[in-house]
Amino acid sequence: MEGLYTKARVIAVINHKGGVGKTTTTSSLGAALASRGFRVLLVDLDPQSNLSQILGVEQPESQVAHALLTDAPLPVINVSENLSLAPSDLELADAEMIDGIILTRVDRRLVIHKEIIQTVRQDLSDFRVLNTEIRLNAALKESQYAQKDIFQYSNSSPGAQDYKQLASEYVTHFGN
Ligand SMILES: Nc1ncnc2c1ncn2[C@@H]1O[C@H](COP(=O)(O)OP(=O)(O)O)[C@@H](O)[C@H]1O
Ligand SMILES: [Mg+2]
C-alpha cells in the first residue's frame, strides 16, 4: 500500500468513444478516493469540459491549456475536502495507457451485456479487467444535473456503492 500513500499517482480515464462513462468515472472515483483521505486533483482534459460543468465550474478564468502552452501555473480550484479540479476546455489527447479496463453502464439483465463482459474478460486477459462493474444507474446521471458527486447525492445508490468498490479495488491492486 505504501506507494499510494507516499507518491502521487496519475490515473488517466481513456476511451476514444463519447458517452461511455469516462467523465462519470473520473468524478466519482475521484470523490470516492478523496473521501478515503487521498488528496485528489481532477484534471479536465475533455474538449467539452463536462467534468468542470458537473462540478459547477463554468468559464474558468484560467485553464489547464494555459499552463501547458505558457508558463502560467496549473489552475487549481478546490471542490471539496481533499478534492480539487484543474479545469479545461481545449481539445487535448492523452496517450498514456490506463492501469486496467473498467466496465461501466452494465446491465446484467441484458444477455448481450453478459456476453460482452464474458468476451472482454476472456479475450482481453492481457489487460487487467477490473472486477468491479459499474451498473447502469440513473442516480449517476441525476447527480450530475444536480452538480453533486454521487456520494453527496445518494450515498446508498448502486452508483455510489459501485464507485466506492472501484476505489477500494484500485487501492488494493495498485497500492504498491
Ligand atoms: N453507470 C451509469 N448509469 C447510468 N448513467 C450513466 C452511468 N455512467 C454514466 N452515465 C451517464 O451517461 C452519460 C455519458 O457518461 P459520461 O461519463 O459523460 O461519458 P463520457 O465522458 O465517456 O463521454 C452521462 O449522461 C452520464 O450521466
Ligand atoms: Mg466526458
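FYI, it's all coordinate maths here, none of it is from the lab. On a predicted model such as this, the values are computed, not experimentally measured, just so you know. So basically every Cβ, Gly included, is an ideal-geometry build from the backbone, and we count neighbours across all protein chains shown.
Using only alpha-carbon positions in the chain, the gyration tensor eigenvalues give semi-axes of 26, 18, 17 Å once each is multiplied by 5 and square-rooted (largest first). Beta bridges per DSSP, both residues in the chain: antiparallel share near 30 percent.
Projecting the Cα positions of Val40, Ser28, Leu166 onto the charge dipole of the chain (unit charges on Cβ atoms of Lys, Arg, Asp and Glu, taken about the Cα centre) puts Leu166 furthest along the positive direction. Cross-link partners for Lys22 among the lysines, with Cα-Cα distance under 18 Å and sequence neighbours closer than 8 places in the same chain left out: Lys141, Lys148, Lys164. Listed by number, the DSSP H helices of the chain that run 15 Å or longer by alpha-carbon position along their axis and have mean Kyte hydropathy of at least -0.5 are 22-35, 111-123. Each Lys or Arg adds one and each Asp or Glu takes one away; over the other residues whose Cβ falls under 15 Å from the Cβ of Ser84, this sums to -2.
Each stretch of four or more DSSP H residues adds -39500 (n - 2.57); spread over every residue of the chain, this sum gives -11500 deg cm²/dmol at 222 nm. Charged side chains reduced to their Cβ positions (Lys and Arg at +1, Asp and Glu at -1) give segment 2-174 a dipole of some 700 debye around its Cα centre.
Modelled label positions at His113 and His16, each set 7 Å beyond Cα in the direction of Cβ, lie 2.6 nm from each other.
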